[in-house]
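Written below as structure tokens is the structure these notes are about.
The values are calculated or read from the model by the stated rules, or taken from the named source; none is laboratory data. If you're wondering where the values come from, they're calculated on a predicted model, not measured in any experiment. FYI the Cβ positions are ideal-geometry reconstructions off the backbone, even for glycines, and counts take in every protein chain you see. These area figures cover heavy atoms from the full protein model, side chains too; ligands, DNA and RNA do not enter into them. Shrake-Rupley method; radii C 1.70, N 1.55, O 1.52, S 1.80 Å.
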Amino acid sequence: MTKIGYKLVLGFGMFIVILIAHSVLGQLTTDQALETHDRLTTKIEPAVALLNDIRTANKELYLLVANKVIDHKNSSTSNRIKQIIEVDLPYFISNMVLLKKSLEPTDPRNKNIDTVAGYASKSILLIEEINSLLLTSKDYEDPIKIDMTTDLLNNRLSVFSTEIDNGISFLLRKYKQELENKVAELSNELQSNSRFFLLTSLLFIGFGVVITYRNTRAIVKPINALMNSVRSIQEGNYENKVSIKGNDEFSMLGTAFNQMSESLKSSFDQINTKNKELEQFVYIASHDLQEPLRTVNSFTDLLEKDYKDKLDETAAIYINFISQASHRMSLLVKGLLDYSRIGGNKELTKVKCNEMLDALKDDLSTLISTENATLEVGILPELGVYKIEFRLLFQNLINNAIKFHKPGIPPIVKITAAEEKDFWKFKISDNGIGIKENQKDKIFGMFQRLNTQKEFAGTGIGLAHCVKIIEMHGGTITVESEFGRGSTFCITISKKLI
Amino acid sequence: MLIDDCEATNYYNQIIINRLDCANSIVMAQGGEKALEYLKNTSSDGNSIPDLIFLDINMPGMNGWEFLEEYEKLSNIKQAKVVLLMLTTSLNPDDQDKASKLGNVKGFVNKPLETEKLQELLVAYF
């Protein structure tokens, strides 16, 4: 298994161990309590009952014998005495033998039980002797027998009876003590167990919390590191490497991620190189294409001027077409050349848009006065942009806004800006011919045109320029338009360029 | 009928057609919209219905495909006998597909139109 797997298993394992430990401890405590209870019910309680029975029997026996000897109540007491010495006492003596078996051999109670049993046996023998002396009522009349039995009763049986009673009292005390000891032991056991529970719980919980915290950190930290790297790559910084120490899944993920960003970087570099090559190619191609075009143009001019008189009307039309086509070709090639140049200047500068538009107005003054156009410029911000391209963007959009006006209606162009959270939103609106709904998507493509050269001359490259410039500025360009009513071009420029 | 946004192309094609002297009259339309307008008004303006249309595909505004969509909606009497597509480059497979679905397109001609090519077309379609 891998490291994070171990860590997680350890974390969960800790809680499982706590649960198991507590179950086991609980079971042990219950067993202990049951054992104590068992000892109380099967050993101590019967023993105490037995001892009490013996004591009662002993006292009763003494009183009965005393009755028999002193009060001469032979008939009423003899049967009961007989029952006690023949049935009860032997039964008790045999039970005391069993009671001894439940005790340890070293237990001092053994001796006392022996004593009690011994005196009980002696009592039986003694009473048998008394019984044999006092068999009939005649015997009561014999003063010798009376003296003997009275002597046996007062000097012997009373001693035996007292010894038995004392022995039992001692044994009862001992059993009571044992009972108290057991109860105290159980309560101590329970107390120490509950303390152990509390301590282990606290310990394990503390340990579990530490492991959980460490595990969470071990998982969250590398994820954050990866997250940061992903963000960094998102911003185009492919150099950023994730550094995750160790040999768990995350560091493997980190390594894989680094490899990925490495290969992304190399792909990106390749694309960049190819792109540059392509731009270079377009630049050279369009530049070199200009040369033969210029030759065609020049010689068509010469042909037109020098041979005007020698050529007929048809020839003049042909020459006109050649001249128009080569002129248009030259514009297209120039457009391509410009397109490939966009983005060449990679320096961002702060530009005050209002100042820039004032300068632009001067540049477009001929167009503005020819078309009798009005330019209404609102309050515009100061922005960090690619200066030359940004200017070209506005030049193209204003140029279009003026160019595509409705015949006979002087164009009015309005330029406004509004600040949004991450970008500035510019609007360039006109009162021109507008764009049909189904043709809105077409206009931003390279060489795309909606009108014939006769209606509106152009190469169809201006808005493609604008799109490329907008992309450089991390923005978007959209158009809202109503055919025959005018168009509004919305552009956004990111605030975060500088 | 010649439909092309480039005036020079229409003019050139007209010269080639005139050389063969195979047309009673030639109508030139600069773009799909103009051509459609002409065809719609064939009865009211007394415009004659063309026998053959040469249609450019790549035109500003309404291009060749869009023209064909509108053209399909015209009543039969206002449609020409033959419509041929004029190509600057060979068709890509998607466009080939598109063209084969349009019943009105009879064939393709590569630019520029030449007298020999025109002669072959006349033999093939008339």
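Beta bridges from DSSP with both residues in the protein assembly as shown: antiparallel share about 55 percent, rounded to the nearest 5. Taking each of A:LYS308/A:LYS403; A:LYS352/A:LYS414; A:LYS387/A:LYS425; A:LYS425/B:LYS34; A:LYS265/A:LYS425 in turn, the alpha-carbon distance tops 27 angstrom for A:LYS308/A:LYS403; A:LYS425/B:LYS34; A:LYS265/A:LYS425.
Rounded, prolate or oblate, given the Cα gyration tensor of segment B:66-123, with a/c below 1.5 counting as rounded? Judged from the Cα gyration tensor, segment B:66-123 comes out oblate (a/c at least 1.5, b/c at or above a/b).
Heavy-atom accessible area for A:HIS72, with the other protein chains in place and a 1.4 Å probe, reaches approximately 90 Å². Here the accessible area of segment A:345-494 is 51 percent carbon and sulfur, with a 1.4 angstrom probe and all protein chains present.
The share of accessible area on segment A:3-210 that comes from carbon and sulfur is 62 percent, using a 1.4 angstrom probe.
When nucleic acids and ligands are ignored and a 1.4 Å probe is applied, A:LEU199 ends up with an accessible area of around 110 Å². Checking the cross-link pairs A:LYS276/A:LYS468; A:LYS361/A:LYS468; A:LYS59/A:LYS174 against a 26 Å limit on the alpha carbon distance flags no pair as lying beyond it.
Which of the GluC sites (Glu not before Pro) across segment A:209-299 are loop residues per DSSP, with 11 or fewer other Cβ within 10 Å?
Hits after loop and neighbour filter: A:GLU235, A:GLU239.
Near B:ILE3: Cβ cut-off under 11 Å, other residues only, Lys/Arg at +1 and Asp/Glu at -1. The net charge is -3. A cut-off under 12 angstrom between Cβ atoms defines the neighbours of B:PRO50, and their net charge, with Lys, Arg +1 and Asp, Glu -1, is +1. If the segment from A:ASN399 to A:GLN32 were pulled out straight at 0.36 nm per residue, it would be longer than the present Cα-Cα gap by 122.1 nm.
Per residue, how many Å² of accessible area does segment B:2-125 show with a 1.4 Å probe?
On the way: 6560 Å² over 124 residues.
Spelled out: the 1.4 Å probe surface of segment B:2-125, per residue, equals 53 Å².
Computed on protein heavy atoms with a 1.4 Å probe, the accessible areas place A:PHE394, A:PHE404, A:PHE250 in the order A:PHE404, A:PHE250, A:PHE394, largest first. For a paramagnetic label modelled on A:PHE15 (point 7 Å from Cα along Cα→Cβ), amide N atoms under 15 Å away belong, within segment A:205-241, to A:205-216. Annotation: the antiparallel percentage among DSSP beta bridges lying fully within chain B is about 0. If you take all other residues with their beta carbon under 15 Å from the beta carbon of B:LYS81, and give Lys and Arg +1 and Asp and Glu -1, the sum is +1. Taking segment B:1-23 and a reference point 7 angstrom along Cα→Cβ of A:GLN324, the backbone N atoms nearer than 13 Å belong to B:4-13.
The residues of chain A present an accessible area of 59 Å² per residue when probed at 1.4 Å with all protein chains retained. Take the accessible area of chain A alone and of chain B alone, subtract that of the pair, and you get about 1100 Å² summed over both chains, using a 1.4 Å probe.
I need to check one value: relative contact order of segment B:2-125, counting alpha carbon pairs closer than 8 Å and at least 6 residues apart, in percent. The normalised contact order for segment B:2-125 reaches 25 percent. Averaged over peptide A:319-325, the number of partner chain Cβ atoms lying within 10 Å of each residue's Cβ comes to 2.
Is any residue of segment A:43-79 close enough, with backbone N under 14 Å, to a label point placed 7 angstrom from the Cα of A:ASN181 along the Cα-Cβ axis, and if so, which? Flagged as within label range: A:44. Averaging the sequence gap over all C-alpha pairs within less than 8 Å and six or more residues apart, then dividing by the number of residues, gives segment A:394-433 a relative contact order of 44 percent.
Of the DSSP H helices in chain A, those that are both long (alpha-carbon extent of 27 Å or more along the helix axis) and hydrophobic (Kyte-Doolittle mean at least 0.5) are A:3-39.
One chain, two ends: A:PHE447 and A:GLU355. Fully extended at 0.36 nm per residue, the span grows by 30.0 nm beyond their Cα-Cα distance. The lysines within cross-link reach of B:LYS117, meaning a Cα-to-Cα straight distance under 18 Å and a gap of 8 or more places when in the same chain, are B:LYS106.
P(r) for the protein assembly as shown, from all Cα pairs and a bin width of 20 Å, is 12, 23, 16, 10, 8, 8, 10, 9, 3, 0 %, short bins first.
Between segment A:31-92 and segment A:292-312, the alpha-carbon centres lie 155 Å apart.
Shape summary of chain B, radius of gyration then Dmax from alpha carbon positions: 13.7, 40 Å. Rank A:CYS353, A:VAL413, A:GLY462 by how far each Cα sits towards the positive end of the charge dipole of segment A:333-477 (+1 on Lys, Arg Cβ; -1 on Asp, Glu Cβ) and give me just the farthest. Of the candidates, A:GLY462 comes out farthest on the positive side.
The mean count of C-beta atoms from other chains within 10 Å of the C-beta of residues in A:447-458, rounded to a whole number, is 4.
When +1 charges are put on Lys and Arg Cβ atoms and -1 charges on Asp and Glu Cβ atoms, the dipole computed for the protein assembly as shown relative to its Cα centre reaches about 1360 debye. Each residue, A:LEU8 and A:GLU480, gets one label point 7 Å from its Cα in the Cβ direction; the gap between the two is 5.1 nm.
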